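All of the numbers you see were taken from the coordinates with simple rules; none came from a lab. In this text the structure is predicted, and so the values were computed from the model without any measurement. With ideal geometry, Cβ positions are generated from the backbone for all residues, glycine too; neighbour counts draw on all protein chains shown.
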Amino acid sequence: MPQQRLKRASEEPQSTDQQVGPYQELSESFVNIPLSSQQPQDSRSPFVLEDEELFSSALRRQTEKECSSESQVDNLWEMLGSSDGSGVSKDDIRMLLHIYDGDVDRVASCLLEQDFSSLQLVKDFQLAQTLQEEEQRSSTHIQQDDDTITDSGTPLPASSRERFIHSVKEILIPQLANELVGMRFPDIENDGQKYEYHLRNLSLELLNIPIGRVQVTMTHPDIHVDCEDVELKISIGHWEYCRKGTLSFQDDGQAVCILSGIHVGLIIRSYLEQEQELPHLGVRKCTVSVGELHFRFTGTKASWLYNLLSSLFQSQLKKNVEAVLQTTVSNAVSSQLNQWTQWIFAAP
């Protein structure tokens, strides 16, 4: 009996060894990990060491990649040393590598063959980044302004902005053109010692405001409306020129003046006064600048008089048109804005 019990005891460890056998290699790997004598054996898990090694490996690969990329830039830069590489900087090369996903051969081909379309792509890419950054800064600035209401103005709600921009381009501008056509300008008279001239019965015959050239910008507390490339046609009912002295000369007739390259700028502000439920819109400032003037005279007896009359009339007519349009446009727009208050600021 004692021998049989001893045999069973000796068989149990053998069974245990067979169960542990598959994990023996993993256990030995843990035992063989070198640990510092300054720390307890169980102070750091082998898995922590493995994470650190992975992180270090990834950091080394990233560093090697950056060094390799910079080395590629240097190599391409040196390659341009023997060719006409003027105007191409290392930043341009870095941008090309970024655009073409690190394709060195393609970048080298673009540089050596002076592929200006690719180089222009770099400029466009950089410009797009700059514009995007400016737009982000602008949107952030506008958002900050919209959150702050001052005594100088009341910001338009988001829903009102869309209605206002739509109203400016689809209603205000067409109505403004219709209202201004037929308006009259003051007569121009000059009675000097050597000559005198008169421009009478001046009226606006045609006004063209390209909708595509109308820009509306919201910058609290003001709303800027800029109209570019506006054209006018002014009818001059009667002009007269008289040269005094021994060799006197007199001529008269009708004329048409074409004014082009005109810029009309409006600064509009919304106000909320006491005892008012809704803000009202008003024109804070109106500016008009005329680009070019071209005359077409009829009834002249001498062709040489054309250039002379143009030089005499241009400056004075330009000043008159700018001054009259500033006042007339401002009043006409203010009148329309007063009618829009309920529609612009009313809740959708």
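Ellipsoid semi-axes for the stretch 169-251, based on the Cα gyration tensor and the rule √(5λ), read 40, 14, 10 Å when sorted largest first. Ranked by the mean number of other Cβ atoms within 10 Å of their residues, highest first, the peptides 281-290, 261-270 fall in the order 261-270, 281-290. In a simple Cβ point-charge model (Lys, Arg +1; Asp, Glu -1; nothing else charged), the stretch 158-345 has a dipole of about 380 debye relative to its Cα centre. Each semi-axis of the equivalent ellipsoid for the stretch 160-209 is √(5λ) with λ an eigenvalue of the Cα gyration tensor; in descending order they amount to 39, 10, 7 Å. Inverting the pair-averaged 1/r between distinct Cα atoms of the stretch 158-345 gives 18.5 Å as its Kirkwood hydrodynamic radius. Other residues within the sphere of radius under 15 Å centred on the Cβ of I234, judged by their own Cβ, net out at +1 (K and R +1, D and E -1).
Taking 0.36 nm per residue of separation and subtracting the Cα-Cα distance, full extension of the segment from E231 to Q193 would add 10.2 nm.
For M218 and V181, the difference between the fully extended length at 0.36 nm per residue and the C-alpha to C-alpha distance is 10.4 nm.
Sequence-ordered 3J(HN,Hα) estimates for the stretch 191-205 from the Karplus curve with 6.51, -1.76 and 1.60 and θ = phi - 60° stand at 10, x, 6, 9, 7, 9, 9, 9, 10, 10, 6, 8, 9, 7, 8 Hz, glycine and proline given as x.
Taking a Cβ cut-off of under 12 Å around G291, the surrounding Lys, Arg, Asp and Glu residues balance to a net charge of -4, with basic ones at +1 and acidic ones at -1. Restricting the calculation to Cα atoms, every distinct pair contributes to the Kirkwood radius of the stretch 210-299, found to be 16.9 Å.
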